[in-house]
Structure formats: C-alpha cells, structure tokens
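Report on the following structure.
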Amino acid sequence: MSKIAIIEDDPIINQMYRMKFEADGFEVQVADNGRDGVSLVQHMRPDIILLDIKMPEMDGDEALAVIRKHDWGKKPTVLVLTNLGEEEAPKNLRSLGIHSYIVKAELTPTQVVERVKQALAGQ
C-alpha cells in the first residue's frame, strides 16, 4: 500500500482527497500547514506528497526546502497541488525536485488520483 501525505490548509479539500485516496487503497495522513507537514513527512515517510503552496505558519515551498534537506525527505515524489498558476508559484519549486504542478481547479479528484498513480509507476 502506497503512503501519501497531503499538506493542505483547507479542511474540506483535505477531507475530499483523503477519502478519494483511501477509497483507491492508499494510506493517507494530512497536515493543515507547512510546519506540521514537515513533521508528518518525517514520521510517516510517505511515497508521495501532495503539497499546497499558500498555507499558514509555513508556505509549501518553505516546507519542501526543509524536507529536502534531510535524508528522509529526499525520496518522496512531490506533486504541487494549488490554485496558484504556475507563473505565480515560487521560483524555487523546480529546484526542490517536484514531479509535477497541478492546479486544483483544472482537475477532478479522480484525475489527481490518476496523476499520483502515474507518478508512482514512474518511481
């Protein structure tokens, strides 16, 4: 069973994606801000991270920079899941080793699950 960490500050979106991924057989844990997301990744050691950008306490790019500094943070595949257009995103995201950039409003949850499965197949 693949493990996925969802780091997203909107509780409705967290719940929606948690239910969708659990229904597809994933082990899911969520964090609602970047600081808690770093701790979640450290303890969970997920295969995939779905990461929002704009969050309280620590934005997604800052959290990912902290995660990637550690051995335990180098392995997870990261998919940025945000409503910011890619041109609005922090410029350092690509250098932090993200797999893909997904605008939430452009894909259904089912399509996001398919993207995650494709990313896992490519690991």
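The values are calculated or read from the model by the stated rules, or taken from the named source; none is laboratory data. Everything quoted here is computed from the prediction, not taken from an experiment. Cβ sites come from the backbone with ideal geometry, for glycine too, and all protein chains shown count toward neighbours.
Numbers below:
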{"item": "Selection within the stretch 38-67 - part of a helix (DSSP H, G or I), of a type outside the set (Gly, Ala, Ser) and more than 15 Å from THR82 (Cβ to Cβ)", "result": "VAL38, LEU40, VAL41, GLN42, HIS43, MET44, VAL66, ILE67"}
{"item": "Criterion: surrounded by fewer than 16 Cβ atoms within 10 Å (Cβ to Cβ), modelled with pLDDT under 90 and either under 23 Å from GLU22 (Cα atoms) or not basic (Lys, Arg) (or both) - qualifying residue of GLU114, GLU87", "result": "GLU87"}
{"item": "Any chance GLN29 is surrounded by fewer than 23 Cβ atoms within 10 Å (Cβ to Cβ), in contact (Cβ under 8 Å) with a residue 12 or more places away in the chain, of a type in the set (S, T, N, Q) and not in a helix (DSSP H, G or I)", "result": "yes"}
{"item": "Condition check for ILE6: at pLDDT below 95 and either closer than 16 Å to LEU79 by Cα or of a type in the set (Val, Ile, Thr) (or both)", "result": "no"}
{"item": "Filtered residue count, the stretch 21-37, keeping only those that are more than 12 Å from the chain's Cα centre (by Cα) and closer than 17 Å to VAL80 by Cα", "result": "3"}
{"item": "Within the stretch 39-50, tally of residues that are under 11 Å from the mean Cα position of the chain (by Cα) and farther than 19 Å from ALA121 by Cα", "result": "1"}
{"item": "Search result, residues across the stretch 1-26 that are of a type outside the set (S, T, N, Q) and part of a loop (DSSP other than H, G, I, E, B)", "result": "MET1, GLU8, ASP9, ASP10, ASP24, GLY25, PHE26"}
{"item": "Hey, ALA5 within 21 Å of THR110 (Cα to Cα), surrounded by fewer than 18 Cβ atoms within 10 Å (Cβ to Cβ) and not aromatic (Phe, Trp, Tyr) or not", "result": "no"}
{"item": "Verdict on LEU79 being in a strand (DSSP E or B) and in contact with a strand residue (DSSP E or B) (Cβ under 9 Å, 6 or more places away or on another chain)", "result": "yes"}
{"item": "ILE53 being aliphatic (A, V, I, L, M) and at pLDDT below 95", "result": "yes"}
